[in-house]
Amino acid sequence: MKILVTGGAGFIGSAVIRNILENTTDSVVNLDKLTYAGNLESLLLVSDYPKYAFEQVDICDRAELDRVFAEHKPDAVMHLAAESHVDRSIDGPAAFIETNIVGTYTLLEATRQYWSGLDEQQKLSFRFHHISTDEVYGDLEGTTDLFTETTSYEPSSPYSASKASSDHLVRAWLRTYGLPTIITNCSNNYGPYHFPEKLIPLVILNALEGKPLPIYGKGDQIRDWLYVEDHARALYKVVSEGVIGETYNIGGHNEKQNIEVVQTICEILNELVPQQTDYKEQITFVTDRPGHDLRYAIDAGKIERELGWKPTETFATGLRKTVDWYLANNNWCKRVQDGSYQRERLGA
Ligand code: NAD
């Protein structure tokens, strides 16, 4: 396959591209606008592969999308380009509406035009894989309920509402136009190359610089954590073997309270980079995020049963690898933060 990956310079997109280029014979066209969250340095390990091409394009730019489809003639699209940070969506929802909703619509239309012109055999094998989040389902009330593929949508933040809208558009293009689409909804990812505005990299870097480790509210929010390379493998399974029209939930079976996550990072750092005081003493409780969902948890049984995918990392092994990576890659961290963002509080 030749796969057009949107958002391939981001955290998950770059893991998807590294996985495809290193472990399959498929080729990749990476289409990315390169916002603050997109870094081509995350692809240095694979960017000189002959099977790799890069196009700096905004998914809202229809003419450029048409050009990319005509030039590269992909067999599949994996759509990851998005504004992805809930806190930023609280401060400035416009970019989320533009990229996540209008951008997805524009990409669907460009894909539909290209797909309509394919021959019957190519039409049958083509697929549009939309990568989404478990946040579209909203908050789980109980301590044992799980999100399934049929849980109704109840998004809480501008980010999750914009992702929910994009999921609805993708389903409508399947139902109305017959565009062969598949959707995946995944829990919180963590791992290497994660922009340090998100909890895990932010805490690792702040801890090492002796800065406060901010915990929103009481830190009792529960997330189901998945190592990003496990997600990348799941996404490749879905794009290559998934059934058109289906939705697959992806999760790590790792439910943790935010406070537990931060304490575990501190314990790993106490061992690997000991300082005079326990890193946990840097933990600071700050005002909670407005509208903060308390608990997300995924039932990933369908993808396990139907496509034979399971996560390979536990939270303990994945978090250890992540901390090791941040310790070894300080230059990447410095360079991606060269812009205006300095790990300050957003979305308060
Ligand atoms: P990210 O913010 O790290 O990367 C997003 C990428 O999209 C960046 O490279 C950025 O430059 C690019 N982009 C943004 N706007 C664009 C536009 N208009 N045109 C072209 N490119 C654009 O995000 P991520 O964490 O890698 O998430 C990727 C996808 O996975 C998103 O759709 C997100 O909703 C979804 N997702 C993320 C998580 C998570 O925990 N990070 C969990 C589940 C689902």
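Suppose we keep just the DSSP beta bridges with both residues in the stretch 179-298; what percent of those would be antiparallel, to 5?
Details: 3 of 15 bridges.
Just about 20 percent of them are antiparallel.
Round to a whole number: what % of the accessible area of the chain belongs to carbon and sulfur, probe 1.4 Å?
Values: 7260 of 14360 Å².
That share works out to 51 percent.
Angle, helix 258-272 long axis vs. longest principal axis of the chain, Cα atoms, 0 to 90°, nearest 10?
The angle comes out near 70 degrees.
Alpha carbon centre of the stretch 190-207 versus the stretch 73-126: separation in Å?
The stretch 190-207 and the stretch 73-126 have Cα centres separated by 27 Å.
Cβ neighbours within 10 Å, averaged per peptide: list 115-126, 177-188 in order, most packed at the top.
Going from most to least packed, we get 177-188, 115-126.
Between Arg62 and Asp338, what is the label-to-label distance in nm when each label sits 7 Å out along the Cα-to-Cβ direction?
Once both label points are built, they end up 3.6 nm from each other.
Provide the percentage of antiparallel DSSP beta bridges, counting only those with both residues in the chain; round to the nearest 5.
Numbers: 3 of 40 bridges.
Looking only at bridges with both residues in the chain, the antiparallel portion is about 10 percent.
Dipole magnitude of the stretch 96-150 about its Cα centre, charges +1 at Lys/Arg Cβ and -1 at Asp/Glu Cβ only, in debye to the nearest 20?
That gives a dipole near 440 debye.
Can you classify the stretch 51-151 as rounded, prolate or oblate using the Cα gyration tensor, where a ≥ b ≥ c are the square roots of its eigenvalues, rounded means a/c under 1.5, and otherwise it's prolate if a/b beats b/c and oblate if not?
Oblate, since a/c reaches 1.5 and b/c is not below a/b.
Leaving out same-chain residues fewer than 8 places away, which lysines sit with a Cα under 25 Å from that of Lys334?
Of all the lysines, those that pass the test against Lys334 - Cα under 25 Å, at least 8 places apart if same chain - are Lys33, Lys198, Lys211, Lys280, Lys321.
Would you mind calculating the gained length between Arg345 and Thr314 on full extension (0.36 nm times residue separation, minus the Cα-Cα distance), in nm to one decimal?
Contour length minus Cα-Cα distance gives 8.2 nm.
Rounded, prolate or oblate for the stretch 1-66? Axes are the square roots of the Cα gyration tensor eigenvalues, ordered a ≥ b ≥ c, and the cut-off for rounded is a/c under 1.5.
Details: a/c = 2.11, a/b = 1.34, b/c = 1.57.
Cα axes put the stretch 1-66 in the oblate bin.
If you place +1 on the Cβ of every Lys and Arg and -1 on the Cβ of every Asp and Glu, how big does the dipole about the Cα centre of the chain come out, in debye to the nearest 20?
With only Lys, Arg, Asp and Glu charged at Cβ, the dipole is about 360 debye.
Given the options Leu327, Leu307, Leu294, identify the residue whose Cα lies farthest towards the positive end of the charge dipole of the stretch 282-338 (+1 on Cβ of Lys, Arg; -1 on Cβ of Asp, Glu).
Leu327
For the stretch 246-348, just say rounded, prolate or oblate: build the C-alpha gyration tensor, square-root its eigenvalues into a ≥ b ≥ c, call rounded for a/c under 1.5, and beyond that prolate if a/b exceeds b/c, oblate if not.
Numbers: a/c = 1.72, a/b = 1.47, b/c = 1.17.
Prolate.
Between Glu241 and Thr284, 0.36 nm times their residue separation minus their Cα-Cα distance comes to what?
In short, 10.9 nm is gained.
Evaluate the distance, in nm, between pseudo-label points positioned 7 Å from the Cα of Thr148 and of Lys51 along their respective Cα→Cβ axes.
Each label point lies 7 Å from its Cα, and together they span 3.7 nm.
Would you mind calculating the gained length between Arg171 and Thr25 on full extension (0.36 nm times residue separation, minus the Cα-Cα distance), in nm to one decimal?
49.6 nm
Taking a probe of 1.4 Å, how large is the accessible area per residue of the chain, in Å²? Let's see the in-between values first.
Numbers: 14360 Å² over 348 residues.
Result: 41 Å² per residue.
Rank-order 256-269, 282-295, 142-155 by packing density, defined as the average count of other C-beta atoms within 10 Å over each peptide's residues, highest first.
The densest-packed peptide leads the list: 256-269, 282-295, 142-155.
Nearest 500 deg cm²/dmol is fine: what mean residue ellipticity at 222 nm does the chain get from its DSSP H runs of n ≥ 4 alone, each adding -39,500 (n - 2.57), divided by its residue count?
-12000 deg cm²/dmol
The values are calculated or read from the model by the stated rules, or taken from the named source; none is laboratory data. This one's a predicted model, so the numbers in the text were calculated from it and none came from an experiment. Note that each Cβ is placed from the backbone with ideal geometry, even for glycine, and that neighbours are counted across all protein chains shown. Accessible surface areas use protein heavy atoms only, side chains included; no ligands, DNA or RNA. Shrake-Rupley method; radii C 1.70, N 1.55, O 1.52, S 1.80 Å.
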